[in-house]
Amino acid sequence: MSNNFRFLPDLSTDQLEAIQLDGLKWTVKHAYNGSPAYRDKLDQSGVEPGDIRELSHIESLPFTTVEDLRLGYPFPLVSVSQEQIVRIHASSGTTGKRKILAYTQNDIDTWKNMMARCFELAGLTRHDRVQIAVGYGLWTAGVGFQLGCEHFGAMAVPIGPGNLDFQLQFLTDLQPTCLCSTASMALLLSEQVNKMGLRDKIKLKKLIFGAEPHTPKMRKQIESTLSLEHSFDIPGMTEVYGPGTGMECLEHSGMHYWADIFILEIIDPVTLKPVPPGATGEMVITTLSKEGVPLIRYRTRDLSRTIDGSCPCGLELPRHDRILGRSDDMIIFRGVNIYPGQIAGILEEFSDVSSEYQILLKREGGLDFMKIIVERRDIVSSENDQQLAVLISDRIRKKVMVRTQLEIIDPGKLPRSMGKSKRVVDERNPEHQA
Ligand code: DLL
């Protein structure tokens, strides 16, 4: 297939596999020679760079984990000399020390190209104006979108997060056609545009949103409030450059990912073996040309699955499904393992409540209690709140096997976020959660 894209590669499966094998060999050698920590890990597993002769040999390599990054603070797994590092970014983690990732100029250029692919896949042109409403600075989000947008050639409006009045003013005055934000910020902005009656005064057509899980309901709510032509889920993480490890195309049937830049494996987090094609598991990433901090079988903790077959859009690049959540988001409640995404999935079934929810965990009299707070939709009367609460908590009991207290509140009353939403507030003592 030949494509007319400027940034998206046109590669056959054979070409892609050749790039992956070369990149894998290069990465293992580079990490082994450049980083004492990687050399130790590889030595301990009895693997030498020369042992990697075919792609399936990836399975002989040890995993890299977030612990490896933390142990090497402040410059974990760096595999080049200090003068080759031109920038650092840090993860948005809220607990412990942030993970710091170091970039060479080549790394920045690779990332710039990845992000330009995203704008191209969204069908933008140089005439588009892009309001970038995510954090700048240590977080990769703002800088990543900006790099890609400029490289692609659209007009960047680097407003950053926060200041809703300012956001609305720019949306009306500068007439951006595309918004880049977290899912939560997009929801908040859409609610604000609605409240102020500004929809007819703005020109937004497309939204590129990511950095946190969303539900189909949340997405539909944003799309319809802003009358968007398209919205695109964008994945990414600091460890793998930042935003833009892939992107949805105009067909919206999963996310194409850049298999010429990293290898994606999906493993069972318990057995650590690959899951059958199409099954959900943990995403494990091996980079193919990353210099500063190469990743060898990095366990992302993100849960997703690959999507088989070719995409109707014609692009040969493989796809994965949306990220459902993180394995470390799991709550242990009265001996039952629960993912917040399971609760969100159940709320999807009830059209009388919005997409927003919060899970509150408390410990009283030696027992754990879970309260789930959800918002009634604005077109629904509060008269049936009690009945609705019973229906939802019954459904949760049947599907997740836990008793919860369900509270329905007025629309817009849960805290909104301009970054990533915090869905779980756990007020139990830490020992009890183990
Ligand atoms: O969140 C990078 C990013 C910024 C991606 C803006 C997309 C848009 P970190 O702060 O390192 O980097 O967080 C990475 O966020 O491991 C996922 O758990 C989650 N995440 C990122 N994108 C998505 C998404 C940025 N589209 C962590 N859907 C990842 C669900 C996402 N979760």
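The values are calculated or read from the model by the stated rules, or taken from the named source; none is laboratory data. Only a predicted model underlies this, so the values are computations on that prediction, with no experimental measurement involved. Cβ: placed from backbone, ideal geometry, glycine included. Neighbour counts: every protein chain shown. Ligands, DNA and RNA are excluded from the accessible area calculation, which covers all protein heavy atoms including side chains. Shrake-Rupley method; radii C 1.70, N 1.55, O 1.52, S 1.80 Å.
Filtering segment 218-232 down to residues that are more than 15 Å from the ligand (Cβ to nearest atom) and farther than 20 Å from His256 by Cα, which residue is least open to solvent (accessible area, probe 1.4 Å)? Result: Leu226.
Listed by position, the helices (runs of 4 or more DSSP H) inside segment 4-95 whose residues that are within 16 Å of the ligand (Cβ to nearest atom) number at least 2 are 66-71. Quick check: anything in segment 145-152 surrounded by fewer than 22 Cβ atoms within 10 Å (Cβ to Cβ), of a type in the set (D, E, K, R) and more than 15 Å from the ligand (Cβ to nearest atom)? Looking for residues that are surrounded by fewer than 22 Cβ atoms within 10 Å (Cβ to Cβ), of a type in the set (D, E, K, R) and more than 15 Å from the ligand (Cβ to nearest atom), one finds at least one in segment 145-152, hence yes.
When every residue of segment 192-209 is checked against the conditions, none turns out to be in contact with a Gly (Cβ under 9 Å, 6 or more places away or on another chain) and open to solvent by less than 20 Å² (accessible area, probe 1.4 Å). With respect to (1) among the aliphatic types (A, V, I, L, M); (2) more than 14 Å from the ligand (Cβ to nearest atom); (3) in contact with a strand residue (DSSP E or B) (Cβ under 8 Å, 6 or more places away or on another chain); (4) not in a strand (DSSP E or B), the lone exception for Ile263 is condition (4). Would you mind stating whether Ser253 is of a type in the set (S, T, N, Q), outside any helix (DSSP H, G or I), surrounded by fewer than 17 Cβ atoms within 10 Å (Cβ to Cβ) and assigned by TED's automatic domain parsing to the domain that holds Gln15? Against the criterion (of a type in the set (S, T, N, Q), outside any helix (DSSP H, G or I), surrounded by fewer than 17 Cβ atoms within 10 Å (Cβ to Cβ) and assigned by TED's automatic domain parsing to the domain that holds Gln15), Ser253 qualifies.
Among the listed residues Leu188, Leu174, which satisfies the condition of being aliphatic (A, V, I, L, M), in contact with a helix residue (DSSP H, G or I) (Cβ under 9 Å, 6 or more places away or on another chain) and in the same structural domain as Thr245 (by TED's automatic domain parsing)? Walk me through it before giving the result.
Values: Leu174 fails: in contact with a helix residue (DSSP H, G or I) (Cβ under 9 Å, 6 or more places away or on another chain).
The unique qualifying residue is Leu188.
Taking the stated definitions as given, is Thr172 open to solvent by 10 Å² or more (accessible area, probe 1.4 Å), within 22 Å of Leu187 (Cβ to Cβ) and more than 16 Å from the ligand (Cβ to nearest atom)? Taking the combined requirement at face value, the residue satisfies it.
Across segment 176-195, the number of residues qualifying as within 16 Å of the ligand (Cβ to nearest atom) and not in a strand (DSSP E or B) comes to 7.
Please find, among Pro243, Pro235, Pro213, the residue that is within 7 Å of the ligand (Cβ to nearest atom), open to solvent by 40 Å² or more (accessible area, probe 1.4 Å) and touching a residue at least 60 places away in the same chain (Cβ under 8 Å). Spell out how you get there, then give the answer.
Working: Pro243 fails: open to solvent by 40 Å² or more (accessible area, probe 1.4 Å); Pro235 fails: open to solvent by 40 Å² or more (accessible area, probe 1.4 Å).
Answer to the selection: Pro213.
Among the residues in segment 46-53, are any buried (at least 20 other Cβ atoms within 10 Å of the Cβ) and more than 25 Å from Glu282 (Cα to Cα)? Scanning segment 46-53 turns up no residue that is buried (at least 20 other Cβ atoms within 10 Å of the Cβ) and more than 25 Å from Glu282 (Cα to Cα). Taken over segment 377-393, the criterion of being over 16 Å from Glu349 (Cα atoms) and either assigned to a loop (DSSP other than H, G, I, E, B) or open to solvent by 70 Å² or more (accessible area, probe 1.4 Å) (or both) is satisfied by Asp378, Ile379, Ser381, Glu383, Asn384, Gln386.
Looking across segment 139-158, the residues that are under 20 Å from Ser421 (Cβ atoms) and either of a type in the set (Phe, Trp, Tyr) or not in a helix (DSSP H, G or I) (or both) come down to Trp139, Phe145.
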